[in-house]
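The values are calculated or read from the model by the stated rules, or taken from the named source; none is laboratory data. Nothing here was measured: the structure is a model prediction, and the numbers come from that model. As a convention, Cβ positions derive from the backbone with ideal geometry for all residues, glycine included, and neighbour counts pool all protein chains shown.
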Amino acid sequence: METRVGVKYWTGRATALAAAYTRRELLKMALQGVLLTAGVFSASLGLKGFLLPNEFIDGGVTGIALMISQLTGLSLSALILVINIPFIVLGYYQLGRKFALKTLLTILALAGALLVVSFPPLTQDKLLIAVFGGFFLGAGMGLTMRGGGVLDGTEILAVYLSRKMPASIGDIVLIINIMIFGVAAWLLSIETALYSILAYLSAAKTVDFILVGIEEYTGLTIISFHSTEIRQLITDKLHRGATVYECTQGYGSHGHQHLKIEAVFTIITRLEVVNLTDEVRKLDPHAFVFTQSITDMKGGLIKKRALH
């Protein structure tokens, strides 16, 4: 009898957990779908409402497609799809089937939106075209990345090449875009290339903001004789993790005098930096505090931003 009751209990628990997991997965998929849809709409607005009518381009595959479309009159939607296909195949082998499928669907949606949805030219001011065309295109790219896909295959190529060459992904993307804008200056005009670079910078900054957001994380190191109180401040008040490690302080004209001291390291949002620094100064006015940029992290007491 007790065995049957136990089996029923654990079966019920397993069913409830499976249902909760399914709900979370469905919610996650729905949110990803919203982000991908919003990203496609924003990117198509940036392209058809700003860049394409005024013959500006962007970096990456999108820039190549824009340039070919302007020079030949071919359909931008078809060019974006065709040029991205090799990179989608590469992404399948490098980053997995799920990523490649999301990317394919997203690029198909963008190609369809460019073909079906029409936007009137919104301004004739070249500076506004570059800034806001880049903004909406970058917002679209950033939102699709948050949703787990990409609108441009350049970074897939950069990931592949970075594994084969002694160069970072950022370096490879930069080299590719320098080549694209150089060709644009030659085939279109230097002025168009310069405005296009401005659009690209606007897009890149918007992508960074959407991926990192206002909650960009900063590493903070505090060297102080009050390390215990500072650690408690970080864990109790900010609810962040802290790492305390021993170090040796050197001072004097030749650094010959040594003093044991502890350093506290934590990762917080940039909005919390000023507040934490002020609190540390109250505990120890002589504390040595410095910050550093955080570009990637896993684990710990940091909430996960990306959805993929």
Listed by first then second residue, the pairs whose first member lies in the stretch 24-43 and is in the same structural domain as G134 (by TED's automatic domain parsing), whose partner is basic (K, R), with beta carbons under 7 Å and at least 6 positions apart or on separate chains, are L35/R146
Selection from the stretch 42-61 of residues that are of a type in the set (A, V, I, L, M, F, W, C) and over 22 Å from F87 (Cα atoms): L45, F50, L51, L52, F56
Right, T206: closer than 30 Å to G49 by Cα, among the hydroxyl-bearing types (S, T, Y), surrounded by 13 or more Cβ atoms within 10 Å (Cβ to Cβ) and within 26 Å of the chain's Cα centre (by Cα) or not? yes
Quick one: what pairs do we get from the stretch 171-185, first residue assigned by TED's automatic domain parsing to the domain that holds A65 and in contact (Cβ under 8 Å) with a residue 12 or more places away in the chain, second outside any helix (DSSP H, G or I) and surrounded by fewer than 20 Cβ atoms within 10 Å (Cβ to Cβ), C-beta under 8 Å, 6+ apart or different chains? I172/M165
Can we say G170 is in a helix (DSSP H, G or I), surrounded by fewer than 21 Cβ atoms within 10 Å (Cβ to Cβ) and within 14 Å of the chain's Cα centre (by Cα)? yes
Just one listed residue, out of V150, V159, is assigned to a helix (DSSP H, G or I) and under 30 Å from L95 (Cα atoms), and it is V159
Looking at the structure I just gave you, is L101 out of contact with any strand residue (DSSP E or B) (no Cβ under 6 Å at 6 or more places or on another chain) and farther than 18 Å from G63 by Cβ? yes
Filter the stretch 143-161 down to residues that are under 17 Å from G59 (Cβ atoms), out of contact with any Ser or Thr (no Cβ under 6 Å at 6 or more places or on another chain) and not acidic (D, E) and give me whichever is surrounded by the most Cβ atoms within 10 Å (Cβ to Cβ). I156
Pick from the stretch 268-299 the residues that are surrounded by 12 or more Cβ atoms within 10 Å (Cβ to Cβ), in a loop (DSSP other than H, G, I, E, B) and of a type in the set (A, V, I, L, M): which of them is modelled with the lowest pLDDT? I294
In the stretch 250-267, residue farthest from I234 (Cα to Cα) [restricted to those that are surrounded by 11 or more Cβ atoms within 10 Å (Cβ to Cβ) and modelled with pLDDT of 80 or more]: I261
